[in-house]
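To start, the structure itself, in structure tokens.
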Amino acid sequence: MSFRAWALAVRDSVRSIVRSPVMSLASMATVAVSLLVLAVILLLAVNLEYIATTVEQQVEIAAYLCASDDENPACENREPTEAEKRALVEAVKRIPGVEQVTFVSKDVALQRMKEQLGDRKDILEEYEEEGKNPLRDALEIRVVDPNEVKRVAAQVEKLRGVSEVNYGKEFVDRLLAFTRAVRLGGIGLVMMLLAATVLTLSNTIRLSVYARRREIAIMKLVGATDWYIRRPFIVEGVLLGVVGGLLAMALTGWGYVELVTYVQRNIPFLPMVAPQKILGNLTGGMILLGALLGSTGSIVSMRRFLKV
Amino acid sequence: MIRFVNVTKIYPNSQVPALSGINLHIARGEFVFLVGPSGAGKSTLMKLLYREEVPTSGRVIVDGKDIGRMRPQMVPYLRRNIGIIFQDFKLLQERTVYENVAFALECTDVPRREINRRVPAALELVGLRDKARARCVELSGGEQQRVAVARAIVRNPVLVIADEPTGNLDPENSWAIMKLLSDINQMGATVVVATHARSIVDRMKKRVIAIDKGMVVRDEERGTYGYEL
């Protein structure tokens, strides 16, 4: 298969696209829309998963200690003394399965929050004065096996001086279930869109086949191989698909960069996959998929309309 | 060159066979007229030669190959050795004479240098060298058929098939085309011409095979058209 034959095929397919601009644009747009939806769903799923794993890695139990104004009646409206706090740390350490216990005073907690907020830490300024800190002292408990979290948490909750116990497992589970739902629903939706795209493409190619039916008949008579005859139509499908894919990724890429910038500025503690980490692969994938859709569309139309 | 062994062709949705029990032998280098009334089966016989159709039963052997049993992928390579000419020329009207002839070579991956050498030679042979740059729509019927002949022979085929090549032409142009086919035959190609052109058949004194109702009814060396329409 010579270079010239390919060059001729590309020339012919570009001519076909130019000859029916409306249909060609419609097919490119269809490809772009389907791939755009697919890309958005993929980005959503990837980010949800990223959030879930980030949180999962951080799964530890936070045991908040009683404060003097605590609503939990078990606290009896008193804050544990320094000695009681130290004893509490020791008691937690003795629970089987506990790996590490860290005492985090409310001052340290406030400091951390400021770090997380980065540029916008000024909103916390008024809490820095003595006695205005709304946070509570806490114990951060890491367990050896994440599956033990629930049991350890229950035991910690029973200890005197502990007001409330939190752990992220439930949140992580719900998040992962949601991610799966998004994936499944997304795949269903995308499958339908892709099928519609292949049909639109095949109709466009069919027009090209029809416009060149005389040429095709002559090619067959003079001994052109079936692949020679099919080639320009496959190239046409691939071109339409690739342009559609590029269009989709231009929009998705721009949108995602904007979104990540916005999130970093306004919800800084929400982890998101950095654009430069994901957009490259996604673009490659979408272009390949566009090419695949285009060639499938061509093959479908040729099976139906070009008896070669 | 060509051998038909008990060839029968029945088209789908048809009770009457288009051809029945045809036995034929055409030697390499022969010139043969195929005559017969419309619907007698001439075109079907031609189509079997370049495998546009396959026989329902029997064998069609062209250049030593049983083409009825040929794999579909091999058909293009069969056709590269056969030049085919039609009544309606089958040219790309918007393209030039040169482009039409070159097209047959281009779409079978012949190198450019070879194309540049062969196309002018073919146009020279049919006397259209000076019209190479004219578009086909601008040509007369006779000239268009000569373009088609040039395209058929540009590959030096061993077999040239012409189905009613003069059907759309006046007597003078018809005669010129037949003369051309005769020249090609002189150069070594086997030529099979299906025709209604009585006067030409009678004057050229070539082998005549007459077909009627799907059967060979007459086969004469140096024959004549021989029956009333």
When the range B:90-113 is checked residue by residue, the ones that are in contact with a Pro (Cβ under 9 Å, 6 or more places away or on another chain) and either more than 12 Å from B:ARG151 (Cα to Cα) or facing chain A (nearest Cβ under 7 Å) (or both) are B:THR108
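To keep it simple, each residue is scored yes or no on (1) exposed (fewer than 15 other Cβ atoms within 10 Å of the Cβ); (2) in contact with a His (Cβ under 7 Å, 6 or more places away or on another chain); (3) in contact (Cβ under 8 Å) with a residue 60 or more places away in the chain; (4) among the β-branched types (Val, Ile, Thr).
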| site | (1), (2), (3), (4) |
| --- | --- |
| B:ALA176 | no, no, no, no |
| B:THR190 | no, no, yes, yes |
| B:VAL201 | no, no, yes, yes |
| B:MET204 | no, no, yes, no |
| B:GLY214 | no, no, yes, no |
| B:GLU221 | yes, no, no, no |
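Can you find, within the range A:201-229, the residue that is nearest to the other protein chains (Cβ to nearest Cβ) among those that are closer than 17 Å to A:LEU293 by Cβ and surrounded by 20 or more Cβ atoms within 10 Å (Cβ to Cβ)? Full working, then the answer.
Filtering the range A:201-229 for residues closer than 17 Å to A:LEU293 by Cβ gives A:201-206, A:208.
Still in the list and also surrounded by 20 or more Cβ atoms within 10 Å (Cβ to Cβ): A:201-202, A:204-206, A:208.
Details: A:LEU201: 24, A:SER202: 23, A:THR204: 22, A:ILE205: 19, A:ARG206: 21, A:SER208: 16 Å.
For the range A:201-229, the residue satisfying everything is A:SER208.
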Within the range B:126-138, of all residues that are of a type in the set (D, E, K, R) and outside any loop (DSSP other than H, G, I, E, B), the one surrounded by the fewest Cβ atoms within 10 Å (Cβ to Cβ) is B:ASP130
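Please pick out the residue among B:LEU123, B:LEU105 that is buried (at least 17 other Cβ atoms within 10 Å of the Cβ) and farther than 26 Å from A:TRP6 by Cα.
Values: B:LEU105 fails: farther than 26 Å from A:TRP6 by Cα.
Within the list B:LEU123, B:LEU105, the selection yields B:LEU123.
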Counting only residues that are β-branched (Val, Ile, Thr), closer than 12 Å to B:LEU180 by Cβ and within 14 Å of chain A (Cβ to nearest Cβ), the range B:120-159 contains a total of 3
Exactly one of A:GLY253, A:GLY284 is part of a helix (DSSP H, G or I) and either in contact with a Leu (Cβ under 8 Å, 6 or more places away or on another chain) or within 29 Å of B:ILE84 (Cα to Cα) (or both), and that residue is A:GLY253
The range B:1-95: strands (runs of 3 or more DSSP E) wholly inside it with 1 or more residues that are aromatic (Phe, Trp, Tyr), touching a strand residue (DSSP E or B) at 6+ places or on another chain (Cβ under 8 Å) and within 29 Å of A:GLU215 (Cβ to Cβ) are B:82-86
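More than 14 Å from every other protein chain (Cβ to nearest Cβ) and crowded, with 16+ Cβ neighbours inside 10 Å: does that describe B:ILE26? Show your work before the answer.
On the way: more than 14 Å from every other protein chain (Cβ to nearest Cβ): yes; crowded, with 16+ Cβ neighbours inside 10 Å: yes.
Spelling it out, B:ILE26 is indeed more than 14 Å from every other protein chain (Cβ to nearest Cβ) and crowded, with 16+ Cβ neighbours inside 10 Å.
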_Taking the criterion of being more than 24 Å from the chain's Cα centre (by Cα) and among the hydrophobic types (A, V, I, L, M, F, W, C), would at least one residue in the range A:164-187 satisfy it?_
yes
Given (1) surrounded by fewer than 19 Cβ atoms within 10 Å (Cβ to Cβ); (2) within 30 Å of A:LEU270 (Cβ to Cβ); (3) small (Gly, Ala, Ser), A:ALA83 misses just (2)
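Since every read-out is calculated from the coordinates, none of them should be taken as a lab result. Because the structure is predicted, anything quoted here is derived from the model rather than measured. Methodologically, a virtual Cβ is constructed for each residue, glycine included, from the backbone with ideal geometry; neighbour enumeration extends over all protein chains shown.
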